[in-house]
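The values are calculated or read from the model by the stated rules, or taken from the named source; none is laboratory data. Just so it is clear, the model here is predicted, and its values are computed rather than measured. Cβ placement follows ideal geometry from the backbone for every residue including glycine, while neighbour counts extend to all protein chains displayed.
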Amino acid sequence: MADQTPKDASNPASFVKTFLVLLALGLPGILSLTPTIIGQLEALPPELADMPPSVVVALSLLNPLILLAVSVAVGVLLAHRVGLRSLVAERVRQGAEIWPRLRPHLRMAFVAGLIFAVVVLGLDALIDPFANVELVDGPLAGETATLGALLTQLLLGLLYGGIVEELMLRWGMMTLLVWIGWRLVQRGQDTPRPALVWTANILAALLFGIGHLPALAAMVALTPLIIARTVVLNALGGVLFGWLFWRRNLETAMVAHAAAHVGFFILNAGFLLLNLG
């Protein structure tokens with residue numbers, strides 16, 4: 001493999017600085033979980049019911065924060081070894097400008113995210129009659145949602161979905177899977193083959209879909225159809241974002257992911273207004 005490693009990539013000081021910057025990028029997304037956690041305080045198990053709410057919130061935020069930190073560290077250590085890029089990381093390491101290299105991809109990423117939102121909600125509309133339950137974030141969500149709830153979902157989608165999930169699933173998980181395959185199959189030689197990257201992308205996307213099941217289980221009874229719908233539709237997004245990460249950079253994937261949540265908000269808000277009318 002042609003050596004794409006920045007000269008200072010293995011420097012401990014460079015690692016720490018890059019790690020801290022990317023971790024800081026994800027911290028607002030972690031904090032955006034707070035309203036959701038507060039809303040679930042009434043359903044706490046007995047052993048946690050007597051704890052101060054602030055302690056419960058802090059403990060609930062600790063797990064995603066640890067996952068974020070581990071994912072960021074993995075990406076900082078391994079991404080450059082397999083040709084995967086973050087413009088923010090390259091800015092910290094090499095002083096390379098972000099905006100001139102991100103701007104050419106913004107329109108494509110935003111449109112891709114909006115199209116994905118339309119496809120997902122359209123498929124939801126087809127699946128819903130067979131699911132025998134109103135699907136969360138589906139096109140019928142406007143029947144029970146409020147504009148405030150949709151705005152909260154949008155904020156969570158932009159900060160947690162668009163940034164934190166991309167740092168975890170693409171920068172961390174997909175990078176790790178590509179690196180493992182590259183080391184095992186290619187013995188760390190040459191550029192990772194497309195088939196290897198696609199395999200890692202799909203596996204990370206499936207994990208992305210599976211990761212949505214616990215939250216969904218707290219709101220609806222899981223059935224095989226609901227599980228398949230959740231995993232497959234979210235995995236489709238994961239594959240799209242993973243491809244953008246591979247072929248462009250992490251920040252382009254973040255823009256597309258965030259744009260998908262903008263699309264969800266616009267469409268669900270439209271359904272809400274139609275129902276109110």
**Report entry** Given (1) surrounded by fewer than 16 Cβ atoms within 10 Å (Cβ to Cβ); (2) out of contact with any Gly (no Cβ under 9 Å at 6 or more places or on another chain); (3) modelled with pLDDT of 95 or more, number of the condition Leu25 does not satisfy
**Finding:** (1)
Report task. Go through (1) in contact (Cβ under 8 Å) with a residue 40 or more places away in the chain; (2) surrounded by 15 or more Cβ atoms within 10 Å (Cβ to Cβ) and name the single condition Asp128 misses. Result -> (1)
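Kindly provide the set of residues from segment 75-88 that are buried (at least 18 other Cβ atoms within 10 Å of the Cβ) and aliphatic (A, V, I, L, M), ordered by number.
Val76, Leu78, Ala79, Val82, Leu84, Leu87, Val88
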Report task. Using the structure shown, decide if Thr230 is farther than 19 Å from Asp128 by Cβ, hydroxyl-bearing (Ser, Thr, Tyr) and crowded, with 18+ Cβ neighbours inside 10 Å. Result -> no
Requested in this report: Any chance you could count how many residues in segment 37-92 are within 18 Å of Leu159 (Cα to Cα), touching a Phe, Trp or Tyr at 6+ places or on another chain (Cβ under 9 Å), assigned to a helix (DSSP H, G or I) and small (Gly, Ala, Ser)?
Outcome: 2
Query raised in the report: Exactly one of (1) more than 19 Å from the chain's Cα centre (by Cα); (2) touching a residue at least 12 places away in the same chain (Cβ under 8 Å) is unmet by Leu222. Its number?
Result: (2)
Query raised in the report: Does Thr175 fit the bill of being crowded, with 23+ Cβ neighbours inside 10 Å, of a type in the set (Ser, Thr, Tyr) and either part of a helix (DSSP H, G or I) or at pLDDT 95 or above (or both)?
Result: yes
Requested in this report: Being loosely packed, with under 13 Cβ neighbours inside 10 Å, at pLDDT below 85 and of a type outside the set (Val, Ile, Thr) narrows it down to one of Ser54, Ser10, so name that one.
Outcome: Ser10
Requested in this report: Please state which one of Val74, Val16, Val82 is β-branched (Val, Ile, Thr), touching a Gly at 6+ places or on another chain (Cβ under 7 Å) and at pLDDT 95 or above.
Outcome: Val74
Query - Filter result for Val120 (surrounded by fewer than 19 Cβ atoms within 10 Å (Cβ to Cβ) and either under 26 Å from Val232 (Cα atoms) or polar (S, T, N, Q) (or both)) - result: no
Requested in this report: Might you let me know whether segment 204-212 holds any residue that is closer than 15 Å to Leu114 by Cβ and not aromatic (Phe, Trp, Tyr)?
Outcome: no
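Would you point out which residue out of Arg107, Arg91, Arg103 is surrounded by 15 or more Cβ atoms within 10 Å (Cβ to Cβ) and of a type in the set (D, E, K, R)?
Details: Arg107 fails: surrounded by 15 or more Cβ atoms within 10 Å (Cβ to Cβ); Arg103 fails: surrounded by 15 or more Cβ atoms within 10 Å (Cβ to Cβ).
Arg91 is the lone residue from the list that is surrounded by 15 or more Cβ atoms within 10 Å (Cβ to Cβ) and of a type in the set (D, E, K, R).
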Query raised in the report: Considering only residues of segment 233-277 that are touching a helix residue (DSSP H, G or I) at 6+ places or on another chain (Cβ under 8 Å) and of a type in the set (D, E, K, R), which is surrounded by the fewest Cβ atoms within 10 Å (Cβ to Cβ)?
Result: Arg248
Requested in this report: Please work out which one of (1) modelled with pLDDT of 95 or more; (2) over 13 Å from Phe264 (Cα atoms); (3) in a helix (DSSP H, G or I) is the condition Leu126 fails and give its number.
Outcome: (1)
